[in-house]
Amino acid sequence: MSKSVAVIGAGLGSLAAAIRLAAAGWKVDLYERLEGPGGKAGNQSLDGYRFDSGPSLVTMPWVFDALFAAAGKRREDYLEFIPLEIVCKYFWDDGMVLRAWADRHKLLSELRRTTGESQARLNAYFERCRRIYDIAGELFLEHNPREPSTIFSARFFKSLLRVGGIDAGRSLAEAHEQAFLSPRLRQLFNRYATYNGSSPYRTPATLSIIPHVEYAGGAYAVRGGIYAIPQALDRLARELGVQLHYQTAVERILHHREAKRGRFRVHGVTVGGAEIAYNAVIAGADVRPVYDDLLQDQEAPDIVRYRKLEPSSSALVFFWGMKRTFPELELHNIFFSRNYPDEFGAIFDRHECPADPTIYVNITSKVTPGDAPAGGENWFVLINAPCDIGQDWEAQTARVRRRVITRISELFRIDLESEIAAESVMTPRDIQLRTASHGGALYGISSNSRSAAFSRHPNRSRRYRGLYFCGGSTHPGGGMPLVLLSAKITTELMLRRQA
Ligand SMILES: Cc1cc2nc3c(=O)[nH]c(=O)nc-3n(C[C@H](O)[C@H](O)[C@H](O)COP(=O)(O)OP(=O)(O)OC[C@H]3O[C@@H](n4cnc5c(N)ncnc54)[C@H](O)[C@@H]3O)c2cc1C
């Protein structure tokens, strides 16, 4: 008889885990408290404008392809990825503009022309990023470095011998101080720390793998917006026989004591007051509410350790339906702050929104015109923000909104406020309430320490046999491709152990 599993949540990690197990012949029930799939990769509509409410950029497309291939399908038959010619357009407030071209030759010539950095330094930088990716990718992304099956594998051992090459001894910002003469380039590449909710002044230089992934592996938009991804995974899961239960919260994870001291065996979940038996459970929700509410266990060593870790940053997002189009903007746009160190000091030390934040504007109607009424645009305006610890979000939002409008109005010599036809806001507290992520952290824990890559919550519980974890708060971390990889690591462990 086939094994059965309850998957908690319909975030991208959970959906991917459900797909992989169903493809391997398991009976899969997936429970999601919200009305549809996606979790943080959500969707919202406002007066004729459609917005993605979470991620906006696809990298590592091979990770998505591999998920579909595991189910015997082709990603192209479910999802269209559109390669970007300009990955991002960067603006500084003295008027300098830089286009980050996907094409390496064009990128290097733009970086040289705008910043005066030499070809030799640029080549050396990208080569260093590639070398770090070669080692760290194998060490962290494809396996859990704390599992015995990983530690004793020959490939992992070979990578471990080269671990000194991952540049974990200095911060990303220190590495960029040495790599570049141009302060603009330092700021531009420091920004990659925010891709997993960290500070470039504290995260190890190992994170140089992120620009490598973006420039060597390509950056993509999705036809229909990022929300097309959870929709496609929902469709594939259904085709494979996964039973999807939306608007259905899991209330408890059922377990009983085992003969071995301090160990438990998971045997099902409680849903709508009813106990349902399963061979295994995958928690794809944030690990903190899993322990607090579903296990009601404050003493498990994994959660005691986890609670001590610093959460990743969150975000304050404005959804603006614009009355007109802005040809000077691309799909992805960044307006850099004047004082980058102070910005991260505000987020991680003072736990407040920066006074002069870097502003990210994503406009999916540039690629999917139906996302805005004819002649208009849908602006997703994000600033990096601290997690919710009870701040006055109304006051913080009003202050940031004023700053963002002034900044873009001055740069383009327009009255931005008068161009906004429809508006809504999402604060870190809203993210927490909607997606049940602790403090509204976008990526689980930050990577603001050398040990962070080894500290994420494990994919398998040692205290609760039959309980597995995937998603952004577990290894290898948050972000779309990484949560898909967490599902791969988790389900491979389950298939090896047969629950
Ligand atoms: C504003 C924003 C911007 C982002 N930008 C990017 C980006 O540019 N690039 C990128 O790669 N990533 C980005 N991310 C992060 C990315 O969205 C997440 O890392 C990823 O989508 C998380 O997936 P997950 O599998 O961890 O599940 P989550 O999305 O965290 O979903 C967990 C789900 O579990 C459900 N759940 C919780 N408890 C229960 C329960 N008891 N019963 C049933 N269901 C439950 C929740 O309702 C939720 O739907 C962003 C996120 C946000 C919010």
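Does R350 fit the bill of being of a type in the set (K, R), touching a residue at least 40 places away in the same chain (Cβ under 8 Å) and away from the ligand (no atom under 16 Å from the Cβ)? No; evaluated as a whole, the condition is false for this residue.
Do we have any residue at all in segment 420-430 that's more than 12 Å from the ligand (Cβ to nearest atom), closer than 22 Å to R399 by Cα and in a helix (DSSP H, G or I)? Yes - at least one qualifying residue is present in segment 420-430. Just to verify a result, which residue in segment 287-301, among those that are touching a residue at least 60 places away in the same chain (Cβ under 8 Å) and assigned to a helix (DSSP H, G or I), is farthest from the ligand (Cβ to nearest atom)? Across segment 287-301, the extreme among qualifying residues is P301.
Might you let me know whether segment 321-342 holds any residue that is without any contact (Cβ under 8 Å) to a residue 12 or more places away in the chain and closer than 22 Å to P458 by Cα? No - not one qualifying residue is present in segment 321-342.
Yes or no: segment 314-337 includes at least one residue that is under 15 Å from L467 (Cα atoms), within 13 Å of the ligand (Cβ to nearest atom) and crowded, with 20+ Cβ neighbours inside 10 Å. No, segment 314-337 contains no residue that is under 15 Å from L467 (Cα atoms), within 13 Å of the ligand (Cβ to nearest atom) and crowded, with 20+ Cβ neighbours inside 10 Å. Pairs are defined by a Cβ separation below 6 Å, a sequence spacing of at least 6 or placement on different chains, a first member in segment 240-254 that is part of a strand (DSSP E or B), and a second member that is within 11 Å of the ligand (Cβ to nearest atom) and among the aromatic types (F, W, Y); the pairs so defined are H245/Y31; V250/Y31.
Being in contact with a His (Cβ under 8 Å, 6 or more places away or on another chain), over 19 Å from A385 (Cβ atoms) and of a type outside the set (V, I, T): is that true of L295 here? The answer is yes for L295. In the set (1) touching a helix residue (DSSP H, G or I) at 6+ places or on another chain (Cβ under 9 Å); (2) surrounded by fewer than 18 Cβ atoms within 10 Å (Cβ to Cβ), the condition left unmet by I19 is number (2). Can you confirm whether L411 is within 12 Å of the ligand (Cβ to nearest atom), closer than 26 Å to E352 by Cβ, over 15 Å from the mean Cα position of the chain (by Cα) and part of a helix (DSSP H, G or I)? Judged against the criteria, L411 is not a match. If the condition is being under 27 Å from L495 (Cα atoms) and acidic (D, E), then segment 23-47 contributes D29, E32.
Looking at segment 336-357, is at least one residue assigned to a strand (DSSP E or B) and farther than 30 Å from V271 by Cα? Among the residues of segment 336-357, not one is assigned to a strand (DSSP E or B) and farther than 30 Å from V271 by Cα, which makes the answer no.
If you go through segment 1-55 and keep only what is of a type in the set (V, I, T) and more than 8 Å from the ligand (Cβ to nearest atom), you end up with V5, V7, I19, V28.
Conditions (1) closer than 30 Å to F335 by Cβ; (2) of a type in the set (S, T, N, Q), marked per residue:
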| site | (1), (2) |
| --- | --- |
| R407 | yes, no |
| A421 | yes, no |
| S424 | yes, yes |
| G440 | yes, no |
| Y443 | yes, no |
| S447 | yes, yes |
| P476 | no, no |
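A single member of G72, G25 is surrounded by fewer than 22 Cβ atoms within 10 Å (Cβ to Cβ) and in the same structural domain as L467 (by TED's automatic domain parsing), and it is G25. Considering segment 185-217, the residues that are surrounded by fewer than 24 Cβ atoms within 10 Å (Cβ to Cβ) and among the hydroxyl-bearing types (S, T, Y) include one that is farthest from the chain's Cα centre (by Cα), namely Y201. The residue of segment 431-490 that is farthest from the ligand (Cβ to nearest atom), among those that are in a strand (DSSP E or B) and in the same structural domain as G13 (by TED's automatic domain parsing), is R465.
The values are calculated or read from the model by the stated rules, or taken from the named source; none is laboratory data. Source: prediction; values computed, not measured. Note that each Cβ is placed from the backbone with ideal geometry, even for glycine, and that neighbours are counted across all protein chains shown.
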